[in-house]
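A short worksheet on the structure shown next.
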Amino acid sequence: MGQKINPLGFRLGITQSHHSIWFAQPKNYSEGLQEDKKIRDCIQNYIQKNMKISSGVEGIACIEIKKRIDLIQIIIYMGFPKLLIEGRSQKIEELQKNIQKEINCVNRKINIAIKRISNPYGHPKILAEFIAGQLKNRVSFRKAMKKAIELSEQTDTKGIKVQIAGRLDGKEIARVEWIREGRVPLQTIRAPIDYCAYTVRTIYGVLGIKIWIFI
């Protein structure tokens, strides 16, 4: 049977680069990995807490972490950065303190930068968050998928595939539904494909959303 591989890991070194850039000895590697996870979770929780927008989209596309001996540099790519721009310096300082508490680094400086993405709906993470918000408000899943595809078509993507799995519309039996627009060549390694898997908790249970975008 066809084995599904994560399209980002499959393309590492060709069209995809790493989201974390640092070097560690084999015995310290796992600590560094867990530290990265903590940093990413901390940023996401902070933004969820301080969310004022009603749409339910956090708008983090990806978080890049670069570590040196004395510095941790974090770049947050956001689609809608007005969350952190109002009272910007205070917010970022607060976030820095939170992260420092989380990973208790004393001798390393944390540097946070926020970059804005020009067309947020061309990014699978933000689209998935949009669909998740729709599903929580009990919009039918087909409508949500079609709306997401429409939004992504405005940002000149060549193709998109959206898949939702779980108890759709609260049905007893879980199933998988997907829609594709344009072409999504997963086998072509040179084709730059952006991918995101996202879980959303609804009243009926957990749904999984997967989005592939051919940029």
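The values are calculated or read from the model by the stated rules, or taken from the named source; none is laboratory data. Model, not experiment: these values are computed from the prediction. Please note that ligands, DNA and RNA were not included when accessible areas were found on the heavy atoms of the full protein model with its side chains. Shrake-Rupley method; radii C 1.70, N 1.55, O 1.52, S 1.80 Å.
Using only Cα atoms, tell me the angle between helix 29-49 and the longest principal axis of the chain; keep it within 0 to 90° and round to the nearest 10.
70 degrees
Can you bin region 1-111 into rounded, prolate or oblate? Criterion: square roots of the alpha carbon gyration tensor eigenvalues sorted a ≥ b ≥ c, rounded for a/c under 1.5, prolate for a/b above b/c, oblate for the rest.
Taking the square roots of the gyration eigenvalues as a ≥ b ≥ c, region 1-111 is oblate.
Could you sort out which of Lys38/Lys146; Lys66/Lys125; Lys97/Lys146; Lys101/Lys171; Lys82/Lys143; Lys115/Lys146 sit more than 32 Å apart by Cα distance in this structure?
As for pairs spanning more than 32 Å Cα to Cα, those are Lys38/Lys146; Lys97/Lys146; Lys101/Lys171.
Tell me the per residue accessible area of region 93-215 using a 1.4 Å probe; a whole number in Å² is fine.
Heavy-atom accessible area per residue stands at 58 Å².
Output the 0 to 90 degree angle, nearest 10, between the alpha-carbon long axis of helix 124-136 and the longest principal axis computed from the alpha carbons of the chain.
In the chain, helix 124-136 runs at an angle near 60 degrees to the longest axis.
Among (i) 62, 37, 37; (ii) 44, 34, 32; (iii) 52, 39, 35, only one was calculated for this model; which label is it, if the read-out is Cα extents along the principal axes in Å?
(iii)
Can you pull the accessible area of Leu71 for me, 1.4 Å probe, Å² to the nearest 10?
30 Å²
Leaving ligands, DNA and RNA out of it, rank Asp41, Asp169 by accessible area with a 1.4 Å probe, largest first.
Descending accessible area places them as Asp169, Asp41.
For Tyr29, what accessible area in Å² do you get when you roll a 1.4 Å probe over the heavy atoms of the protein chains, rounding to the nearest 10?
Answer for Tyr29: close to 110 Å² accessible.
Can you give me the angle between helix 141-153 and the longest principal axis of the chain, using Cα atoms only, in degrees from 0 to 90, rounded to the nearest 10?
Once rounded, the angle reads 60 degrees.
For region 120-214, what does the convex hull of the Cα positions come to per residue, in cubic angstrom?
Considering the Cα atoms of region 120-214, their hull volume per residue is 81 Å³.
On a C-alpha basis, how far is the centre of region 63-128 from the centre of region 193-214 in Å? Whole number, if you could?
23 Å
Measuring from centroid to centroid over Cα atoms, what is the spacing of region 131-154 and region 1-54 in Å?
Distance between centres, Cα-based: 26 Å.
What full-extension length gain, to one decimal in nm, is calculated for Gln25 and Ile5 as 0.36 nm per residue of separation minus the Cα-Cα distance?
Full extension from Gln25 to Ile5 adds 4.4 nm.
Go through Arg201, Arg138, Arg108 and list them by solvent-accessible area, largest first, probe radius 1.4 Å.
Arg201, Arg138, Arg108
Which aspartates and glutamates, on any chain, are close to Lys147 with Cα under 13 Å apart, when same-chain ones fewer than 8 places away are left out?
Glu129, Glu181
Nearest 500 deg cm²/dmol is fine: what mean residue ellipticity at 222 nm does the chain get from its DSSP H runs of n ≥ 4 alone, each adding -39,500 (n - 2.57), divided by its residue count?
One gets -10000 deg cm²/dmol as the mean residue ellipticity at 222 nm.
Using a 1.4 angstrom probe on the protein heavy atoms only, line up Val184, Val176, Val200 by accessible area, largest first.
Correct descending sequence by accessible area is Val176, Val184, Val200.
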